[in-house]
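Below: the structure, in structure tokens.
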Amino acid sequence: MLMGVTNRPCLCGIVRCAHHNLRQRTTQIQTYHSNRRLMHGGTTWVWKTTLCRRLPPMDRKHLQMTASQHLSSSATLSAPQEEITFETILSDENKRQCQARLLNVKPVREFKWQGKSTDIEKAAVLVLLCMVNGKPSILFTERSNQLYMHRGEISFPGGKADDTDLHLSHTALREAEEEIGLCREKVDIWGEMLPVPGRKFNITITPVVACYSGELDLSSLKLNRHEVESVFAPSIETLCHADNNYYTRFRAREMMTKGTLKKYREMSTSETFTLPVYVAGNRRIWGLTAIVLHQVLRLTAGGLYKSKLGSLDLQHKTKPTST
């Protein structure tokens, strides 16, 4: 028999009410434990959220805490446990991490073209991660002195897309095969980065990150001397070293182009921006190639690459010229 606060027997109605509350609370506790077991099962987050809404306030709070702990532990289990080193940069694990990071890469520069969309050409370059002399490296080309534009400059293999290319990755592979005789069957594409505008903004260049299968013998490459003077592949560790990392500041200038492209104006003369510069032996890597390299090192080397620049921000407001 239940007793009241005055030690007198409770009335029958009060007894029935107390038994009802006790049964309801017992059912709630059983439901909570049952749902808690479900939370650790294979149910979806949408279903779990709906489940939380149907529970009493106290149980909802505990269930949401359990869900948070479950999702946090799941994220920890799915996160990569292996820390990337220079020796494991070309591993499948780092490939997976790079592909995940590619989804969050921000564009170096966004711009709105003021002319016809058909006036913009597309190109792609191949950023080839490769094993050279037992060290993870990146392949570069020195452009031929016979070329009309950018002669003698350091670049990645690549060129303009044509109608036969199915996608820009195919463009990068085709151009690399034509320029340096690279066997495309031994190249594993990791992913495409966001396109970068060229100097005159009449072309966009898409960097394609890839990895060469096995050891790459640079002497076995067949160079097209009309386009490529030489090739070299500094190690990624060398490129990441602070002694080989510099930066330079440019003052922006108005850039006018001919014909239908003159509708675009780059930026005002008062703006300046900072770009990375790399030294590899007696060669200097700068310009668009250095911008792409900076992004690729951040993408592939992670914390091993300690650049003072951080993420590049070359955004600016564009002003169309008056017609």
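Below are the figures for this structure:
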read-out: Net length gained if the chain between Ile203 and Asp92 were fully extended (0.36 nm per residue, minus Cα distance); value: 36.7 nm
read-out: Length released on extending from Leu194 to Lys106, taking residue separation times 0.36 nm less the Cα-Cα span; value: 30.9 nm
read-out: Glu229 long-range amide H proximity, modeled H, under 5 Å; value: Glu142, Arg143, Ser144
read-out: Mean Cβ neighbour count within 10 Å, used as a protection proxy, ranking 216-227, 128-139 highest first; value: 128-139, 216-227
read-out: Extension reserve of the Thr274-Arg225 stretch, reckoned as 0.36 nm per residue once the Cα distance is removed; value: 14.3 nm
read-out: Ordering of 187-197, 203-213, 275-285 by burial proxy (mean other Cβ atoms within 10 Å per residue, highest first); value: 203-213, 187-197, 275-285
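Rule-based calculations on the coordinates, nothing more; no lab input. Keep in mind it's a predicted model, so treat the numbers as computed, not measured. Because the Cβ atoms are built from the backbone with ideal geometry, glycine has one as well, and the counts that use them run over all protein chains shown.
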